[in-house]
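Following: one structure in structure tokens, then a few remarks.
Values quoted throughout were computed directly from the atomic coordinates according to the rules given, and no laboratory measurement underlies them. Here the structure is a predicted model, which means the values were calculated and not measured. Don't worry about glycine lacking a Cβ; one is built from the backbone with ideal geometry, like all the others, and counts go over all protein chains shown.
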Amino acid sequence: MSAFGGKADIGIVTGGRHTAYLWVNAIRRLPSNTVLLNLHDTALPLAFNSIWSAEMYRVRFLLIILRSLISATAPVEKERCLSFRAIPFIDTDITRMFTHSYALFMGLARWHLLFGSQFRKLALRHKWAPVTTGEMINYRRSIRAFQKFELRTRVIYWDENRFYVEQSFNVSGQMFVSALVEGLVRSPQGVLKPAAVFAQAGYDGPAPEPSQEMKERIACLKKSSPPRGPSGTGHHAYSNS
């Protein structure tokens, strides 16, 4: 799972051969005993959904990047809010949003958080790459087809090695899904200290103080995250999985 991207490591270029590549990989991920020509099974619907979700992700991704580039940068610690509408058979099944769709939207929101702040210039200049080391998602209610929702994203805390991002899906002011993402910033020289990164991005002061609930979730996430040494692993921030 990518930390700052969505689902499937796919490129931005589209075309005939790229579409064929998506088809092959969508079918390859199906169970080995799947019969593709049996219309009573789920092979073809799954293949179609994988392709259309990938195409829609690229469109949304480009729009997010363009929006970030033409808008004034905001403080890296400021909460960001994006509005989406769940599209049937792309983001949802007949009625409810797919589980993987939440991850896709979360990745887009993290791109928006980073590229809409001073971190963008630092990352491009120094070849920094934010990566994810862990995620925790709580599903309270399902987002339905055609339903409009807001996705809020903000950095809530960091320690010596990791930073933590809170994300929430809200419908009419009510939280439906909440997530906590743990990440680090990697440079060509190794893993960077979050405090130094945020200081260079314009944040002045100590790390934010999370709520008691978030402290407990952070502690839980730390137990399952990779080793916290300088060579700690993670998934590239700007790819999908």
Sites Leu124 and Arg152 - FRET efficiency at Förster radius 22 Å, r taken between beta-carbons, to 0.05 | 0.30
Among trypsin sites (Lys or Arg not before Pro) in segment 51-105, those in a DSSP loop whose Cβ has at most 15 other Cβ atoms within 10 Å are Lys78
Those lysines that a straight Cα-Cα span of less than 21 Å connects to Lys121, excepting residues fewer than 8 apart in one chain = Lys78, Lys193
Charges only on Cβ, +1 for Lys and Arg, -1 for Asp and Glu: so what's the dipole of segment 155-221 about the Cα centre, in debye to the nearest 20?
-> 220 debye
At most 14 other Cβ within 10 Å, DSSP loop - chymotrypsin sites (Phe, Trp or Tyr not before Pro), segment 131-171 = Phe146
Ranking Thr99, Thr73, Thr92 by Cβ neighbours within 10 Å, fewest first, what do you get?
-> Thr99, Thr73, Thr92
